[in-house]
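The values are calculated or read from the model by the stated rules, or taken from the named source; none is laboratory data. As the structure is a computational prediction, the values presented were derived from the model and not from experiment. Note that we place each Cβ from the backbone using ideal geometry, even for glycine, and neighbour counts take in every protein chain shown. Note: accessible area is taken over every heavy atom of the protein model, side chains too, but ligands, DNA and RNA are not part of it. Shrake-Rupley method; radii C 1.70, N 1.55, O 1.52, S 1.80 Å.
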Amino acid sequence: MSITNETELIGMKKVSDVVAYTLKEMKNFVKPGMTTKELDDFGAAILESFGAKSAPLMTYQFPGCACISVNSEFCHGIPSENTVLKEGDLINIDVSAELNGFWSDNGNSFVIGKDIHQHQKLVDASKEILKKAIDNIKGGVKISDIGHLMESEAKKRGYKVIKNLGGHGIGKSLHEKPEELLNYRNRFDQRRFKKNSVVAIETFITTSSSYAIELNDGWTMVGDKGGFMAQHEHTILITDGKPIILTEMNGVWN
């Protein structure tokens, strides 16, 4: 969406604070021995306490409140009583919600407890790349140039990017134009970021795969060549200078 007045800005700030707070609290709540369903129920209760509704549930009838993906699962993982979290697991929590007609989205990959499987380096790379990408976004900047920056930074660190997942416009619904804010340069994409527009910028940084494929459950995505992925996501408002990070409260960069 494009922010045209103070009411819209306040609405976007409110829903963004809610999803950011929920994500932060879910991260703090995680511990080994817990199921992803317990974690999801905890997040759902927080959203409900603010009067917010799960965006994937509302939009796609997703079988859960948040997408929770563990280890080889890249994204859209279904919360389950059968998935028990363990020390050293790489987990991704993606929380998006609607509140009073406004929508916001954010995600965080992190290691549970001690980094016994050496995932932290990948997590740090994804965080750093998101920060660098957002720092370079302003009105008039080519969308594909930011994609190029993300892939270049991933390659520098010895990683790849997923080419069939991307960020997106957001605000009055979960996914809006501009769609396909990719992590690499699409040379046919001449679009530019527009001042006062709201977008969800997300990284998809991987160890081995370049494409995500869907499992038989119809939701969970894994890598075409296996490996692991880290995703970090902020909803931002584009300006003439540095963007306003609406979901900053989630503490992804702390």
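Round to the nearest 0.05 the FRET efficiency obtained for T59 and R187 when R0 = 30 Å and r is the Cβ-Cβ distance.
Efficiency, from the Cβ-Cβ distance: 0.45.
Among V141, F74, V111, flag the residue with its Cα farthest along the positive direction of the charge dipole of the chain, charges on Cβ as +1 for Lys/Arg and -1 for Asp/Glu.
Result: V141, furthest along the dipole toward the positive end.
Using only the Cα atoms of the stretch 37-96, what do you get for the radius of gyration and for Dmax, in Å?
11.5, 34
Return one quarter of the surface area of the convex hull spanned by the alpha-carbon atoms of the chain, equal to its mean projected area, in nm².
Approximately 12.3 nm², given one-decimal rounding.
For the stretch 1-141, with all protein chains present and a 1.4 Å probe, just round the carbon and sulfur fraction of the accessible area to a whole percent.
51 percent
Given the peptides 17-30, 144-157, arrange them by the average over their residues of other C-beta atoms within 10 Å, most packed first.
Per-residue Cβ counts within 10 Å, averaged per peptide and sorted highest first, yield 17-30, 144-157.
Using the heavy atoms of the protein chains alone and a 1.4 angstrom probe, what is the accessible area of the stretch 94-168 per residue in square angstrom?
Computed with neighbouring chains in place, this is 38 Å² per residue.
With charges set only on the Cβ (+1 for Lys and Arg, -1 for Asp and Glu), what does the dipole of the chain come to about its Cα centre, in debye to the nearest 20?
Result for the chain is approximately 1000 debye, rounded to the nearest 20.
So which aspartates and glutamates can K132 reach, going by Cα to Cα under 17 Å and dropping same-chain residues fewer than 8 places off?
The reachable aspartates and glutamates, counting only those whose Cα sits under 17 Å from K132, are D124, D145, E151, E153, E202, E233, D240, E248.
Hey, what did the stretch 74-200 get for relative contact order, percent, Cα under 8 Å, at least 6 apart?
Once divided by the residue count of the stretch 74-200, the mean separation gives 24 percent.
In this model, which of K142/K177; K31/K155; K131/K155; K86/K172 are farther than 26 Å apart at the alpha-carbon?
Violating the 26 Å Cα-Cα cut-off are K31/K155; K86/K172.
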